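The values are calculated or read from the model by the stated rules, or taken from the named source; none is laboratory data. Only a predicted model underlies this, so the values are computations on that prediction, with no experimental measurement involved. Note: ideal-geometry Cβ built from the backbone for every residue, glycine included; neighbour counts use all protein chains shown. Only protein heavy atoms, including side chains, enter the accessible area calculation; ligands, DNA and RNA are left aside. Shrake-Rupley method; radii C 1.70, N 1.55, O 1.52, S 1.80 Å.
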Amino acid sequence: MKLFNRDRGPRPALAVVAAAALLLAACGDTSEEAAEPGSTSAPQDTKRTGPAAPRPQAEFLSLTGVSTSVDLDAGTAKILADNKVRVGPVEPATASTSGGTTTVSFPISEGYVAVYPTSVPSYIRGTFSHTGGLKFTAGGKSLELTDFIVNPGNSTLTATVEGGSAAMVMDLDGTNVKVTKDAQGQTRLDGTVAKLSATGAEALNKFFNVSLFKQGIPLGVVHVVLTGTAPPAAK
């Protein structure tokens with residue numbers, strides 16, 4: 001599945017679980033073979049006949065930062081507050097508010113990203129993981145989601161739930177993602193939209209014994225800042 005394929009329509013994604021989370025930034029198959037779900041390393045190239053594949057505009061075999069952040073949707077934030085659901089970051093993730101917008105940021109720990117020309121289908125590809133997470137509190141109960149992994153191959157965000165098993169909690173729509181370089185030479189991916197998925201909504205409703213969370217509730221707009229080591233051929 002192509003996370004940043006501009007031809008695909010919006011997909012539901014995890015909203016309140018998402019109420020601060022992210023997502024994302026990559027999309028689809030890798031240049032030669034798909035990354036395995038949960039993998040944060042670059043796939044190995046394999047030889048094949050036929051026309052040569054287009055070269056990435058920017059490629060990182062080893063990401064060293066920086067972060068994925070989400071500007072929370074004001075409507076979703078109000079729904080959470082009205083229903084006395086508190087969402088906070090799990091360190092080293094951070095949260096800040098400016099101009100009435102709350103932003104939650106998650107440090108990128110490792111991964112791989114390749115950015116191809118925009119004429120190439122699924123032109124953003126890769127997979128990367130984060131440290132920190134989110135803590136949801138309501139009705140005297142708390143649920144932590146940590147160690148977020150973005151898998152562009154299936155357009156989902158996987159998280160570890162309460163230190164136990166991993167679950168796919170969010171879908172991402174990169175239809176309007178923009179790729180730029182900032183003054184520091186870091187690659188920016190802005191405009192992906194995260195929404196509450198059916199799986200995420202069901203999990204939250206079951207844990208908190210409510211019916212508040214619905215599929216399609218928007219989390220917010222995602223911003224990813226990437227830096228890392230490029231392969232020798234790209235330097």
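Residues that are open to solvent by 10 Å² or more (accessible area, probe 1.4 Å) and under 11 Å from the mean Cα position of the chain (by Cα) within the stretch 157-168 comprise just one, T158. Of all the listed residues (T146, T180), the sole one being surrounded by fewer than 17 Cβ atoms within 10 Å (Cβ to Cβ) and among the hydroxyl-bearing types (S, T, Y) is T180. Taken over the stretch 121-143, residues that are over 18 Å from the mean Cα position of the chain (by Cα) and open to solvent by less than 30 Å² (accessible area, probe 1.4 Å) amount to 4. So in the stretch 183-220, with the set limited to residues that are surrounded by fewer than 19 Cβ atoms within 10 Å (Cβ to Cβ) and hydrophobic (A, V, I, L, M, F, W, C), which one is farthest from A77 (Cα to Cα)? Here the answer is A183.
Close contacts from the stretch 191-213, counting a first residue that is touching a residue at least 40 places away in the same chain (Cβ under 8 Å) and part of a strand (DSSP E or B) and a second that is among the basic types (K, R) and surrounded by fewer than 23 Cβ atoms within 10 Å (Cβ to Cβ), with Cβ to Cβ under 8 Å and a gap of 6+ residues or different chains, come to K195/R11; L196/K214. Close contacts from the stretch 97-111, counting a first residue that is closer than 11 Å to L72 by Cα and a second that is assigned to a strand (DSSP E or B) and open to solvent by less than 10 Å² (accessible area, probe 1.4 Å), with Cβ to Cβ under 6 Å and a gap of 6+ residues or different chains, come to V104/V70. If you filter the stretch 105-120 down to residues that are in a strand (DSSP E or B) and either acidic (D, E) or more than 15 Å from T68 (Cβ to Cβ) (or both), you find that the one that is most open to solvent (accessible area, probe 1.4 Å) is E110.
Taken over the stretch 182-204, residues that are modelled with pLDDT of 90 or more and within 20 Å of S142 (Cα to Cα) amount to 0.
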